[in-house]
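Just so it is clear, none of the values below were taken in a lab; they were calculated from the coordinates. As the structure is a computational prediction, the values presented were derived from the model and not from experiment. For neighbour counting, all protein chains shown are included, and Cβ atoms are generated from backbone atoms with ideal geometry for every residue, glycine included.
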């Protein structure tokens, strides 16, 4: 049995008319012995609407209740899409996260998938049905509904593709592939035909919104080929797959930007071993992912520690840090919300010298001050003032991906 | 452990402000060792909105998918109410129909409760929490979501009250009790302090909207006292309970009206044994409840059969009837949608003569023609032209419940 998993995002099922269009598209994908599973997000705006209601009720809604609330959005779109596919004349059946067997951890609003059984989906496919699956949600060991965090529907799709041994996971969205930068910021940005998991992962983490980084990681670990395409526009899209020798190793594949992090600085921290461990262990307890970390060279027995966390975890992180303030001898916390992280990503970086220097010079040429720096094998990120974010992306794209060269087509 | 179950309808949780008011009310109900379970409907208008979306997708949405769709409404209100109660400082936990263990038949959109385990609710109560339960929904033996039909949240509340051995099931709604007629139609209608299960059951079946007849039947069978009260107005409400000797048996307790039935007439049906059985067995296969049935005296080997079914089952009933048309030798089907059923209900009817005659005379005095008649021990119903519905209710209330006498206060 050959299976493909298709995932449609919120704008793709944003209204009834679009749901009908998606239904027709899904039915067309069934060919010969090929079976189709569709994973669907909540209708565009629905999750934000529900979140807004929760915030009207209380400043700090309980995470377990939030999950029950938010998971309802996907149930609506899933039921409607299953109806629409049936109305096209092809049998279809809906499944919730629980019915599909998406077993997760109990970290509400940010649960991780532990196992996917997929039993009922397999049965439906065997019966000649199209399986329509609610994305973004699962069930924890206590039989409570969990959600996988923003972009979680991508993760559902990839995890299901892996569990079913699907030949492909197609991610339908409102853009027609993965670009070298956000075309809204850089009009000359170019679409990739193909990109490696590693580069896609770094780009996603760096802020490219087209794919959620957890889903790319899952795809990479389970070798599920991902095809990113536009829902309402024909095109080849971008294939995210294994890097191979034939892929030319361009220095920089893409430039990305992220405004969803904030910077904390602990000032006057005692400059002795174990201090950083204390701070970051405490933050980890709250399941907050710290992104960039910089510790200054100590002076007079004191030092500063700066780090960034996702904006959504601000309250949680601050609460944790405050618990250890006195024990690490810190003088205070300061918080900077007006920051952005710009990153360049490329597998070719590994074998090219001076990439970082070129990046810093490019930023300096526009008088953009660098607040923090972090690097990985194939990525360099700089934290800068938020107001320069778009300018920085454009100058970096011009530097590393000038119109005539660079991106493979 | 003393437990009360409170149920709040859609208008009671119609917006965030009201949800907060309900939360405050629920917290107040916890006193000493008394535990509180709250069953909640979808926010007012939500179920209709979802149904409207389904109808935009297809004329005949699949029932299983409808159930997934509709059940999402109660999940939203349940999560929000649990958050609101927690925000009032009292621990609360939400439960879906499945988590409560509301096990139902597989008759989607009209499932019947088979069993209620209530295990997790008991545990939450033991832990000092208020349990907030999504009404209207359950789970069938195939692990699929089911809904209990309109008014199903009342049934959830009563079933849960029975399973938990609750001392009382309080139904909070937008009216302050059970009236002798709809006060919107009969301004002089009076509230009952107390009414028997049997009378309430007949009134509910006859169209009194304040309680769903299945929930009353459940309460009667499990001897759960029901208290019907207004959510946003203080008052004694109406207690629905066992009839006892002290209750004065008034002839007529209430007048009700129902516009949700349509009349089918099969003309020229063969006048031989088994014909009615064939027709109504076929209809029963589709789980349509037939209300009134009249078969004319045969003439020339032929007869007519008329019957009423709920408007929502019109398409389903017609389909079934068409399957047997030729085998019962019917000349045709005619359909009358412009009908209403007016009923008078009262335990005292059993011991009073001439009640039916008085009813028919009252209708005749306003020139209202009677199309069909049906009677039970404590109810008489007449099908009339729809346009006379309100007039008929008023004239019957004037006849049987004139301002000076009748209803117990």
For this session: Note the angle between two axes, namely the Cα long axis of helix B:389-400 and the longest principal axis of the Cα atoms of chain B, as a number of degrees from 0 to 90, rounded to the nearest 10.
Result: 90
Exercise. For the stretch A:2-174, what proportion of DSSP beta bridges, expressed in % and rounded to the nearest 5, is antiparallel?
Worked result: 20
For this session: Let me know the shape class of the stretch B:77-124, please: from the alpha-carbon gyration tensor, a ≥ b ≥ c as square roots of the eigenvalues, rounded when a/c is under 1.5, otherwise prolate if a/b is greater than b/c, or oblate.
Result: oblate
Problem set entry | Footprinting exposure proxy for B:60, A:214 (fewest neighbouring C-beta atoms within 10 Å first) | B:60, A:214
Exercise. How far, in degrees from 0 to 90, does helix B:314-324 lean away from the longest principal axis of the Cα atoms of chain B, to the nearest 10?
Worked result: 50
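Taking the beta-carbon count within 10 Å as an exposure proxy, list A:239, B:211 from fewest neighbours to most.
A:239, B:211
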Problem set entry | Semi-axes of the equivalent ellipsoid for the stretch A:89-225, Cα gyration tensor, largest first, Å | 28, 18, 13
Exercise. Can you give the alpha-carbon Rg of the stretch B:244-409 over 2.2 N^0.38 Å, where N counts its residues?
Worked result: 1.17
Exercise. Just how many % of Cα pairs in chain B lie over 36 Å apart, if you round to the nearest whole percent?
Worked result: 30
For this session: List the equivalent ellipsoid semi-axes of the stretch A:179-240 in whole Å, largest first, each obtained as the square root of 5λ for an eigenvalue λ of the Cα gyration tensor.
Result: 19, 14, 9
Exercise. Most exposed first by the Cβ proxy, i.e. fewest other Cβ within 10 Å, how do B:226, A:66, A:51 rank?
Worked result: A:51, A:66, B:226
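Per-residue Cβ counts within 10 Å, from other chains only, averaged over A:131-143: what number is that?
Numbers: counts 0, 2, 0, 2, 0, 0, 0, 0, 0, 0, 0, 2, 4.
Rounded to a whole number, the mean comes out at 1.
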For this session: Pop the C-beta distance of residue B:143 and residue A:338 into the FRET formula with R0 = 41 Å and round what comes out to the nearest 0.05.
Result: 0.25
For this session: Just round it to a whole percent: the fraction of Cα-Cα distances in the stretch B:341-383 exceeding 17 Å.
Result: 24
Seminar exercise, completed: 1/(1 + (r/R0)^6) with r = Cβ-Cβ of residue B:31 and residue A:285, R0 = 30 Å, i.e. FRET efficiency to nearest 0.05, evaluates to 0.20
Exercise. Between copies, how far does the label point of residue A:336 sit from its twins, in nm, shortest first, when each point is 7 Å from Cα along Cα→Cβ?
Worked result: 8.2
For this session: Place the peptides A:291-303, A:378-390 in order of packing, highest mean first, counting for every residue the other Cβ atoms within 10 Å and averaging per peptide.
Result: A:378-390, A:291-303
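Using alpha-carbon pairs under 8 Å, 6+ residues apart, how would you state the relative contact order of chain B in percent?
It rounds to 14 percent for chain B.
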For this session: Calculate, for residue A:356 and residue A:325, the FRET efficiency according to 1/(1 + (r/R0)^6) with r their C-beta to C-beta distance and R0 45 Å; round to the nearest 0.05.
Result: 0.85
Problem set entry | Computed [θ] at 222 nm, deg cm²/dmol, chain A (DSSP H ≥ 4; -39,500 (n - 2.57); rounded to nearest 500) | -10500 deg cm²/dmol
Seminar exercise, completed: Each label sits 7 Å from Cα toward the beta-carbon; between residue A:123 and residue B:242 the label points are separated, in nm, by 4.5
Exercise. Hey, got the average number of other protein chain Cβ atoms within 10 angstrom for residues in B:83-94?
Worked result: 4
For this session: Report the residue of chain B with the smallest Cβ-to-axis distance, using the rotation axis that brings B onto A, in whole Å.
Result: B:72, 2
Problem set entry | Position residue A:300, label points 7 Å along Cα→Cβ, spacing to each other copy in nm (shortest first, one decimal) | 11.5
For this session: Quick one: compute a quarter of the convex hull surface over the Cα atoms of the protein assembly as shown and quote it in nm².
Result: 41.9
Exercise. How big is D, in µm² s⁻¹, for the stretch B:234-288 by Stokes-Einstein at 10 °C and 1.306 mPa s if Rh is the Kirkwood radius over C-alpha pairs?
Worked result: 95
Problem set entry | C-alpha long axis of helix A:152-164 to longest principal axis of chain A, angle in ° | 60
For this session: Just need log10 I(q)/I(0) for the stretch A:2-174 at q = 0.09, 0.11, 0.16 Å⁻¹, Debye formula, equal scatterers on the alpha-carbon atoms, no solvent, rounded to two decimals.
Result: -0.27, -0.41, -0.85
Problem set entry | For residue B:17, label point 7 Å along C-beta direction: distances to other copies, nm | 3.5
